[in-house]
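The values are calculated or read from the model by the stated rules, or taken from the named source; none is laboratory data. Only a predicted model underlies this, so the values are computations on that prediction, with no experimental measurement involved. Methodologically, a virtual Cβ is constructed for each residue, glycine included, from the backbone with ideal geometry; neighbour enumeration extends over all protein chains shown. These accessible areas exclude ligands, DNA and RNA; they are computed on the full protein's heavy atoms, side chains included. Shrake-Rupley method; radii C 1.70, N 1.55, O 1.52, S 1.80 Å.
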Amino acid sequence: MTILVTGATGGYGSAALEELKTLVPQDEIFALSRNEEKAATLREKGFQVRIASYDDPESLERAFIGINRLLFVSGSEVGSRKPQHQHIVDAAKKTGVSYIAYTSFNKADTSTSPLAAEHAYTEAAIIESGISHTFLRNNWYLENELPLIQTALKTGKFVHAGGEGKAGWTLRSELAKLGARAVSGKFDFPAVLEVGNPLMTYQQLAAAVSSATGTKLAVVDADVATASQFLQDNAGMPQKVADMVAGSQSIVKSGSLAVEPSDIEKYLGRSFLSVEESVQQLLEK
């Protein structure tokens, strides 16, 4: 059996590779890198590397030759992912990949969130290809909230633009461990998993941060402009970045991520780390 992980130098991909080493022989694992420079670190860690770009169908076909199972980490270029992802699915079909685990978005096929459209397209393309699959519909990375958490600990004010929206915040590394188990072939996974921690609001997230750090926080429910300005004033964050961080909180506010997770313990072998534990781990990095 051979397994290839795309996005192998990113946070999710690199964590998935490390988990895979504990599940299958390392000589069965391949990592996809965009160029030789990025591949060097992977090779130093003992991984076999294939070079390809999501934008280059021919390079993907060469990279997928001899690969049985694919952990398909969605691309980071929002707005360009439909053609990029189609290239990956087409290459997988042409080269005989037998299984794809794809990192998707909660309720991708029915969600009205703008973030869901490219994932829904990719899920449909995988289904049409006829390749066996698991759609790992991941909820929100806790890492997305690191600027908010750090600024709150600095100022004592947890200023957010998420309203009463809920999310299942989870560490990227925890989600990657689940992805590694899915693609390993050692466990039975369903075609679709809604993935994340139990749902909570920003108010509850603030309470978890307080519990994890022993810091009392005043929670301020603000609009996006106010939350952005707070980050600019107290974290030295450029407006464009602060607007993006605060704007992402409005996605939670919309209810797009208020999706109850599947039975994660059944597939991971344990529950995800709690948000309190995850906050502690995130702040230690």
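When the residues of region 172-198 are filtered to those that are more than 18 Å from SER132 (Cβ to Cβ) and open to solvent by 40 Å² or more (accessible area, probe 1.4 Å), which remaining residue is farthest from the chain's Cα centre (by Cα)? Break it down into steps so the answer makes sense when it comes.
From region 172-198, those more than 18 Å from SER132 (Cβ to Cβ) are 172-177, 194-198; that's our starting set.
Remaining after also requiring open to solvent by 40 Å² or more (accessible area, probe 1.4 Å): 172, 177, 198.
On the way: ARG172: 6, LYS177: 11, PRO198: 16 Å.
For region 172-198, the residue satisfying everything is PRO198.
For GLY46, indicate whether it is in a loop (DSSP other than H, G, I, E, B) and within 20 Å of the chain's Cα centre (by Cα). Don't jump to the end; show me each part of the working.
On the way: in a loop (DSSP other than H, G, I, E, B): yes; within 20 Å of the chain's Cα centre (by Cα): no.
Here the answer is no, as GLY46 does not meet what is asked.
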- [ ] Sort out which residues of region 211-228 are open to solvent by 30 Å² or more (accessible area, probe 1.4 Å) and in a helix (DSSP H, G or I), and write them in order of number.
- [x] SER211, THR213, VAL224, ALA225, THR226
Open item on the list: Being in contact with a strand residue (DSSP E or B) (Cβ under 8 Å, 6 or more places away or on another chain), over 27 Å from TYR102 (Cβ atoms) and not acidic (Asp, Glu) is true for just one of HIS160, HIS133. Which residue is that?
Closed with: HIS160
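Hey, among THR110, THR41, which residue is closer than 25 Å to VAL192 by Cβ and of a type outside the set (Phe, Trp, Tyr)? Quick ask: steps written out before the conclusion?
Values: THR41 fails: closer than 25 Å to VAL192 by Cβ.
The match here is THR110.
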Open item on the list: I'd like to know if region 105-116 contains one or more residues that are farther than 17 Å from GLY255 by Cα and under 20 Å from the mean Cα position of the chain (by Cα).
Closed with: no
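State all residues of region 263-279 that are crowded, with 16+ Cβ neighbours inside 10 Å and among the polar types (S, T, N, Q); if no residue qualifies, say none. Steps first, answer last, please.
Of region 263-279, the ones crowded, with 16+ Cβ neighbours inside 10 Å are 264, 267-268, 272-273, 275, 278-279.
Of everything in region 263-279, just one residue is crowded, with 16+ Cβ neighbours inside 10 Å and among the polar types (S, T, N, Q), namely SER278.
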